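This report concerns only the one structure given below.
Where a number appears in this text, it was derived from the coordinates with a stated rule and is not lab data. Predicted model only: the values in this text are computed from it and were never measured. So basically every Cβ, Gly included, is an ideal-geometry build from the backbone, and we count neighbours across all protein chains shown.
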Amino acid sequence: MKKNILLKALTLILGISAYTTSYAQCDTIASLCDKHITSEYISDGQNYRSLLLDDEIAEFNMTLYGGNTYRFAGCSGLADGNLIFSVYDKERNLLFTNEEYSNAPYWDFKITNTLDCIIEANLDPNSLASGCAVLLVGFKQ
């Protein structure tokens with residue numbers, strides 16, 4: 001009985017420790033990624049984050065408003081170029097992927113009409129097998 005309780009407590013402590021460590025990892029990556037949202041851009045105030053393993057894909061939904069220029073910055077790990085991000089419209093038509101540009105860590109989008117979109121992020125399989133994916137979004141002042 002005592003072994004069972006001890007095992008459950010140990011499992012809970014390890015789970016909380018792993019969660020805290022992975023969340024701290026995401027904070028570090030978000031801070032590094034923030035350098036791509038330069039002073040000419042205002043952050044949308046969101047940190048889109050996901051812990052990815054192997055070939056998992058994170059999905060983020062957002063509305064981009066017409067007449068604005070947005071910058072997407074995507075990061076994973078301590079170096080640029082580890083995260084592939086793709087932008088789709090609601091019908092899943094591919095509008096952009098940074099994979100065609102050597103996994104560029106950021107890209108600017110001039111939006112003429114308001115657009116509901118889906119951003120997918122996954123790790124470059126040649127760089128990382130697991131890690132925290134961070135997407136930051138800013139719009140031009």
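Local charge for Ala129 was computed over the other residues whose Cβ lies under 14 Å away, with Lys and Arg +1 and Asp and Glu -1, and equals -4. Sorting 59-69, 130-140, 29-39 by their mean Cβ neighbour count within 10 Å, with the most densely packed peptide first, gives 130-140, 29-39, 59-69.
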